[in-house]
Structure formats: structure tokens, C-alpha cells
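Reading through the C-alpha cells given below for one structure.
The values are calculated or read from the model by the stated rules, or taken from the named source; none is laboratory data. Not measured: the values here are computed from a predicted model. Cβ: placed from backbone, ideal geometry, glycine included. Neighbour counts: every protein chain shown.
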Amino acid sequence: MKIAFFDTKPYDKVWFEPIAKEKGFDIVFHEEKLKNNTAIMAKGCDVVCIFVNDTVDKEVISTLKELGIKAILLRCAGFNNVDLKAAKEADIVVLRVPSYSPRAVAEYALGLLFAINRKIHRAYARTRDFNYNINGLMGMDLVNKTIGIVGTGKIGQAMMSIIRGLDMRVLLYDPYPIQEIIDKTPESKERWGANVQYVDLDTLLKESDVISLHCPLTKDTQYMINKDSIAKMKDGVLLVNTSRGSLVNTQDLLDALAAKKFGGVALDVYEEEDEYFFEDMSDEIISDDDLVRLTSYRNVIITSHQAFFTQEAMEAIANVTFYNIECFMKGEELKNIVLP
Ligand code: NAI
């Protein structure tokens, strides 16, 4: 079994190569992303393995089929970058890693929240320049403030566990809520605290001092943060997005930032990230004016889709990816199959 890995970095080799050797898989590592003009690089392989910013559309699927590719392994949870219908029609199986370390993402989201609230990124830059002035670096106590968590799946729940210690009021929105929280059972209070409740999205937007996004990118959630939803938020609200860039309409966000609506915005994802994130662009001219403008706001932190990036997560991603392909080879039940 020969697997073509796309969009790889040195750390992918570190985690995948030893397990591949142990299990007898042959891996070809490509730095290029999988897209229309690179799909041909999968020639001679049986399977491709991709990451969050590879583009597997109809054309790519058609090339992969011609090359005899039998499966697409996503070494991530999200699958919004794969045309699942086209893959099914081409009889190519799509497998993902549904959960590797929800805590990794939740801990990172919290890190971004603390940083954007207390302006730690600005303080760091100042003291590197021996500027010890704290003017403009004031934040707020989080205790007794309201945090809105959009999406209470694995990462949203990890977030809820951690923030119990912050004594915040917690508002939740999810079209598929956790029943025990709605029922306010003793077990729920024990697990999540008494200050947690589901509300409709409008209430969450209106009453939250902090909003953290933990839902997938779908047709329904695309641009859920837009001109209208931003208008409903409190002035000075802090927004954290570690989910997918296109949950936020960047133009509307930029307008709101210019109007001083936000106290701070922390983005680990960006809707046009695939050209930039994970790459060293420090010697290049950045032609994405929106990204440049966003980066220029002092109350905005942008990081390069690294919320998942812990040792534990990388180990789990590598193990589950090989587990998926082994199940496929042995004709066993495909627990992590993604269907249209
Ligand atoms: P999950 O599938 O366990 O939970 C997602 C939750 O969102 C579900 O409870 C679902 O009902 C809910 N949801 C669906 N539509 C919604 C809507 N319109 N409004 C509010 N909630 C809605 O997924 P998990 O593991 O918690 O991951 C969430 C997202 O985090 C992923 O889809 C992915 O985009 C992102 N992610 C980002 C990473 C990073 O490194 N920045 C790493 C891993 C995931």
C-alpha cells in the first residue's frame, strides 16, 4: 500500500514515518497541496492523505479516479474541502480523524482569549523593545462575565470543562443541544456547573462579553458572523474563532473593527488562509489586502491554524489515520468514513 501525503511539513514526517515503517506502509511525502494541477503527483499510489487546506473538488476526484486512487485519508476532523458526492460517485472512500485532541483546541482558544483580553501580544512586543509602559493594555476580569459558546460538540465541551474554573456565566448555542444540560439534572450541574444554559443564537450574541466559535463550516454556518450578527453583539465584545475561517465574513469583520465594535478578535483560522497559513511568507509581498488590514489592527491576533498542534494531537492523528487505512484494507467496519 503506497500513500501519497500532500501538504506536508517536517513535523508530519516526524509523526507519520515511524508508524508507517512499523506497519509496512510506503509513504511519498509531497510539500505541495493537493489541487487540480498537483493531483497527478499521486500517480503510482493507492491512497492519498490530505490536510485542511488541500482542495479535493470534482476535477481532482476525477484525476484521482483515473490514477486508481481508492481512498482519501483526511489527517484532520473537518472535511469541508472535499466534494464528498463526487468521491462517492467515483467509488473513492473518504476517511477522517473525527477527534484527536479536543482539549488541544479548547486550551488554545482559551489562550487566545486571555491574550486578546489582557493584550499579552502587545505587552510582549513592547518589552522586547524595552518599552515598559502599560498604557493601553488594560483588560477586564473574566469572572462573572458572560461567555457564549457556539457549538457544544467535542471542542465546545472541552471548552466548557476548562472554563468552569473561571466562574463565568456560560451561554450555549447548538441546534443539537446536550439534553442533560437542558434538563438541568444534578449530574449536569456537577459536570458543567450551575451557570450554564442553552439560549437561542440571538440571545447569545446580545448577552455575551466573549464569543467563541466551535461549530463546523456548513452551508448553514458559513458567514454566521456577519454585519447583522455583529450588530447584535455588545460593544467591546471579544471574539475567538478556532473553527473555520468562513464562519466569519471578513469584510463585515473589518468594517466592525474600523467602527471600534470589538474589544478584541483572535483568529486561528481565516477564510482565505489556504494560500498563506502553514507557509513562511516573511520574504513575500502579501497580496491579500484583507489579511494585511486584519493583521494591522492591534486588537486582532491572527495565528496560523495551530490550535490542534500538540504532541498528543499529532500522535493521535497519525495513529487514527493508519487505523483508518488498515480497516479499509482489511474490509473491516469503517467507523471514520465520511459520507455525503
Ligand atoms: P463536533 O462535530 O464534535 O461538534 C460540532 C458541534 O457544532 C456539534 O455539536 C453540532 O451540533 C454543532 N453545530 C452544527 N451546526 C451548528 C450551528 N449552526 N450553530 C451552532 N452549532 C452547530 O466537532 P468538534 O470536534 O467540536 O470541532 C468543531 C470544529 O472545530 C470543527 O468542525 C473544525 O472546523 C474546528 N477545528 C479546528 C481546529 C484547529 O486547529 N483550529 C482543529 C480541530 C477542529
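Annotations
- Any hit, segment 281-294, residues being surrounded by 18 or more Cβ atoms within 10 Å (Cβ to Cβ) and either within 30 Å of Lys261 (Cα to Cα) or at pLDDT below 95 (or both): yes
- Hits in segment 160-171 - residues which are more than 12 Å from the ligand (Cβ to nearest atom) and part of a helix (DSSP H, G or I): Ser161, Ile162, Ile163, Arg164, Gly165, Leu166
- Enumeration of residues in segment 211-225 that are touching a strand residue (DSSP E or B) at 6+ places or on another chain (Cβ under 8 Å), over 21 Å from Lys119 (Cα atoms) and either without any contact (Cβ under 8 Å) to a residue 40 or more places away in the chain or more than 11 Å from the ligand (Cβ to nearest atom) (or both): Tyr223, Ile225
- Members of segment 112-122 found to be within 12 Å of the ligand (Cβ to nearest atom) and surrounded by fewer than 22 Cβ atoms within 10 Å (Cβ to Cβ), listed by number: none
- Residue count, segment 192-209 (criterion: away from the ligand (no atom under 14 Å from the Cβ) and in contact (Cβ under 8 Å) with a residue 24 or more places away in the chain): 8
- Which numbered condition Asn135 fails, given (1) more than 21 Å from Lys232 (Cα to Cα); (2) within 16 Å of the ligand (Cβ to nearest atom): (2)
- Residues that are more than 23 Å from Pro175 (Cα to Cα) and either at pLDDT below 95 or under 22 Å from the mean Cα position of the chain (by Cα) (or both), drawn from segment 239-256: Thr250, Gln251, Asp252, Leu253, Leu254
- Flag if Phe79 is at pLDDT below 95 and not assigned by TED's automatic domain parsing to the domain that holds Phe278: yes
- Of the residues making up segment 242-260, just one is charged (D, E, K, R) and touching a Leu at 6+ places or on another chain (Cβ under 9 Å), namely Arg244.
- Residues of segment 227-251 that turn out to be away from the ligand (no atom under 16 Å from the Cβ) and surrounded by 24 or more Cβ atoms within 10 Å (Cβ to Cβ), as a count: 1
- Restricting segment 297-322 to residues that are among the hydroxyl-bearing types (Ser, Thr, Tyr) and surrounded by 18 or more Cβ atoms within 10 Å (Cβ to Cβ) leaves a set whose member that is farthest from the ligand (Cβ to nearest atom) is Thr321.
- Some residue of segment 145-155 being surrounded by fewer than 16 Cβ atoms within 10 Å (Cβ to Cβ) and more than 9 Å from the ligand (Cβ to nearest atom): no
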